[in-house]
1. For region A:18-77, name all the residues that are among the β-branched types (V, I, T) and either more than 14 Å from chain B (Cβ to nearest Cβ) or touching a Gly at 6+ places or on another chain (Cβ under 7 Å) (or both).
2. Return the residues of region A:26-61 that are small (G, A, S) and assigned to a loop (DSSP other than H, G, I, E, B); say none if nothing qualifies.
3. When you go through (1) outside any strand (DSSP E or B); (2) at negative phi one by one for A:H144, which number turns out not to apply?
4. Would you mind telling me which numbered condition in (1) over 25 Å from B:K25 (Cβ atoms); (2) in contact with a Pro (Cβ under 6 Å, 6 or more places away or on another chain); (3) surrounded by 24 or more Cβ atoms within 10 Å (Cβ to Cβ) A:A123 fails?
5. Out of all the residues in region A:62-91, which are more than 14 Å from the chain's Cα centre (by Cα), touching a residue at least 40 places away in the same chain (Cβ under 8 Å) and part of a helix (DSSP H, G or I)?
6. Give region B:120-151 a look and list any residue that's among the β-branched types (V, I, T), more than 10 Å from chain A (Cβ to nearest Cβ) and assigned to a strand (DSSP E or B), or say none.
7. Listed residues B:L74, B:L85, B:L118; which is at negative phi and touching a His at 6+ places or on another chain (Cβ under 7 Å)?
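Each reported figure results from applying straightforward, stated rules to the coordinates on display, with no laboratory input. Here the structure is a predicted model, which means the values were calculated and not measured. Ideal geometry is used to build each Cβ from the backbone, glycine not excepted, and the neighbour counts take in all protein chains shown.
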Amino acid sequence: MLNRRVIPRLDLEDGKVVGTFRYEGHLDPSDPVQHARLYQSLGADELLLWEHGGPEQGWTTRLDLVARLAAQIHIPVVLGGAINTASTARELLNAGADRVCLGEAAVERPALIAEVAGLSGRARVMVAADVKRRMGAWYIFFDHGRRPARKDALQWAEEAARQGAGEILLTTIKKDTGSRAGFDLSLAHTMANELPISSAVGGDGRTSVHFAEAFECGVQAVIGGAPLHEGVVDLPKIKALMAEREIPVRPPSIEEALDDIVVGGVTPEAPIPPTPAAPPPEAKTPKTSDADPEERAPAQEMAGEDATLILGAEQTDATVILSAEQADATVILGAEQAEAIAKATESTGATVSTAKGEIIEDALDNLWEDTVSGAAAFSDDDDGPTHADDETTISDAPAFVEKADTKKS
Amino acid sequence: MQDGGRNGRQVMIADVGNSNLSRLKYALQSLGHTPVEASTGSAIAEAPLAIITGSGDLNRSFQHIRNSGLAEGLSARAQAKLPTLAIGLGALIYCEGFADGQFMGAGLGYLPGIVRRLPDQGIRGETLINPHLGWSDVEVLNPSPLLSEGAAFYFAHERVIDAGARWGDEVMAQAHHTLVFPAIVRRDALIGVQFHPELSGASGLKLLSAFCAPTAS
């Protein structure tokens, strides 16, 4: 079964992430790699990074960033924005992008899609456009909706598929007043039924129900933007609701997700300040916290602020972990760290919960509680409508199981 | 050839066309192994452990491996039964032949089956999504340390292996997208995977780790 994908989208300007984030204070909000790692650990199926700078500030000037992403992310990464030529696309695909997403350039000149797909295969080419609904059809707009392309979005999407696009993303631009939050389900339904390739929608998804509804229209992927970053909607909750509604979803496992963050031994410098370097092999045996003070330095340094420490599976050095605990940092643990802690606490008498699963889940809970700014972020807005709206899914959405891979032409 | 202490091993990696070697390289490094990029056929032929990957156009890829001498190296290591993991297009070129509508011909012939394009239309004329893109569940047919039941992997492909009458012991796992197709095929020490373990998160890293483990044959 092909699982439906939830894809967080990060918007960049000159290589820095822009927007509001619930994790601010816990990680460098401008560093795309830190956001990407967090979403990877939360079960994102893929990541879309969109650079809004022009070609001069575009991705080709940031191959170091592409390499850092490639080194630390083990799920697919799609790069979009300012990709105007086949050679740029190729450069990014070779540098570590798994897919490129062609935007305005592919609207202006669909042949660009064929040039990229011919070389790298259709599966590595995504195309995207922002759309507004006018008189029962969707039209493409540039510059955040300010400049009309004067093209019918679905006609262009069909042309893009003929040219060799592997997936199409249409994002509805939020209307000024009176519009209901959520994705444009009519658009999602139309794309899923009329396009011969995988379709994805973006828009104002503010609850788990919004995401589930879009998937129930048959699209393969849904893009999460600002509401996801701000904590208005929560990735694990979206996936839980998808599973509840029998939408095919990649099974999320906390432990597996945490194991996914393998930190040690990768060449580009690990950019997350609070993450201590992987301990050398000889330091791997758990130590008690009265070890050499020198060794506690990394965690001490981050004690100044309310840091989050995400540890890889190999970082079993209990000293680092315990000093982080003392520094009141939030620690996310894998199974091995939990064991190391258990051993260390026995000898030091420190009060740390020792049950493996609890530590992991508690740590994750703590992360949420600590990072969500204000109760509103986790308000019942997310869960309340989840059940209330269960019956209000658009009635013409076909039964999900039957729709798995086929659609009527 | 051991390297890097602990259980780190040197892994020869080779690209048979337009693939994303950097992701594979970093995935291996994060597991403590040392990837070495192979440029010649003889380097591939002799490496104790090798991973072959590729994406893009089948015909172009085949011309590339023929012209560069990689083809001889790939065949030689299959004949010598050296542990080899072939990913995506890398697996397809090891199959017996191609009949994908654009390109017909013989493959290297060390993995079972004929490579065909995924169908664009069903028997009732309905449109079928091609390429197959995303995380699909993989069903284990022959248990192995490479994966556990219920794991999902990331697929990105337009062609599949049609194992036909050879659908037997050599197909270790299968997946489903418009049709049921082999996800992992194996003959002797040569393992072909249709998905991309280097992009498949924890499941993928586990598979790479199991393949590189000294006990893997």
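1. A:V18, A:T20, A:T60, A:T61, A:V66, A:I75
2. To start, the set of residues in region A:26-61 that are small (G, A, S) comprises A:30, A:36, A:41, A:43-44, A:53-54, A:58.
Those that are small (G, A, S) and assigned to a loop (DSSP other than H, G, I, E, B): A:S30, A:G43, A:A44, A:G53, A:G54, A:G58.
3. (2)
4. For A:A123, the failing item is (1).
5. The answer is A:R62, A:D64, A:L65, A:A67, A:R68, A:A71.
6. B:V140
7. It is B:L118.
Every residue, every condition in (1) under 30 Å from B:G122 (Cβ atoms); (2) surrounded by fewer than 24 Cβ atoms within 10 Å (Cβ to Cβ), yes or no:
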position	(1), (2)
A:W156	yes, yes
A:G166	yes, no
A:K174	no, yes
A:D184	yes, no
A:S199	yes, no
A:G205	no, no
A:F211	yes, no
A:C217	yes, no
A:I223	yes, no
